[in-house]
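Enquirer: Let me give you the structure first, and then I'll get to my questions.
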Amino acid sequence: MARTMPEQTLPKERTSHIPGLDPEATPLLGLGLGLTGLTLSLHPRLAALPLALTALTAALYRDPERATPYEPGSIFAPSDGTVLRIDEVYEHRFVHSDCLRLSVAIGPLTVPVIRAPAGGLIQLVALVAGEYRPVNDPAAGDRNERLYIGLETDWGPLLIALVAGPIGRRLVCRVKTGDRLDAGARLGTARFGARADLYVQRDVVSLNADPGMHLVAGRSRIGSVVPL
């Protein structure tokens, strides 16, 4: 049985030093390039290995700049990845309403950045301990370790749950309660495979994504606010 612990607020992450890469990549790339240079001088034939590992690090720590259109009535994808399913659930933690839940599988080599599906005010940041089931397991959203980020928009609340996978167990948060964000702003990261669950009120938002659809965070329009 998984050990549980109280929810906790997470710190805001530092700013990146290399454009297009996560700040955590800076020391790793420096080490990799240093080892590559040292190997070239001592054993040139072996230099390909540290160089390849450095290139892999750069791929895993991608954090590209993206421009999200200003469309207050649109809902954008919270992550890069493939839609697993859309189901109806009652969300009790933040939205307190019947919701549509969009689950997106984030592959191990996919850009690991989670972005705001709409503009609004951060009112919940909480980490809940749990298991590390495969992200395509329907129970993973309620049993795995997960990071909740609640956003109050002009049309109502929405919730993003970043669900840890069997390999990528570290969830990083980039926001804190009280932050006001535009759609597409960075919320957090999860590397080596994870899942992003988006909860929106069933009667307020219409989703137009389908299972198997590939999404790009902050660019793919996945729904819209239902006109009153």
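Enquirer: For Arg219 and Arg45, compute 0.36 nm times the residue count separating them, minus their Cα-Cα distance, and round to one decimal in nm. Don't skip to the end; give the middle numbers.
Expert: Values: separation 174, 0.36 × 174 = 62.64 nm, distance 4.28 nm.
Between Arg219 and Arg45, full extension yields an extra 58.4 nm.
Enquirer: Charges at C-beta only: +1 for Lys and Arg, -1 for Asp and Glu. How large is the resulting dipole of segment 155-228 about its Cα centre, in Debye rounded to 20?
Expert: I would put it at about 400 debye.
Enquirer: Now a separate question. Order the peptides 216-224, 188-196, 160-168 from the highest to the lowest mean number of other Cβ atoms within 10 Å of their residues. Could the numbers behind the result be given before it?
Expert: Numbers: 216-224: 19.7, 188-196: 25.0, 160-168: 22.4.
Taking the mean over residues of other Cβ atoms within 10 Å, the ranking is 188-196, 160-168, 216-224.
Enquirer: For segment 181-228 and segment 124-155, what is the separation of their Cα centres, given in Å?
Expert: 14 Å
Enquirer: Within the set of other residues whose C-beta is less than 11 Å from the C-beta of Phe192, count the net charge using Lys and Arg as +1 and Asp and Glu as -1.
Expert: Summing Lys and Arg as +1 and Asp and Glu as -1 gives +3.
Only the coordinates and a few stated rules stand behind these numbers; no lab work does. Predicted model, so just to flag it, every value in this text is computed and none were measured. Note that each Cβ is placed from the backbone with ideal geometry, even for glycine, and that neighbours are counted across all protein chains shown.
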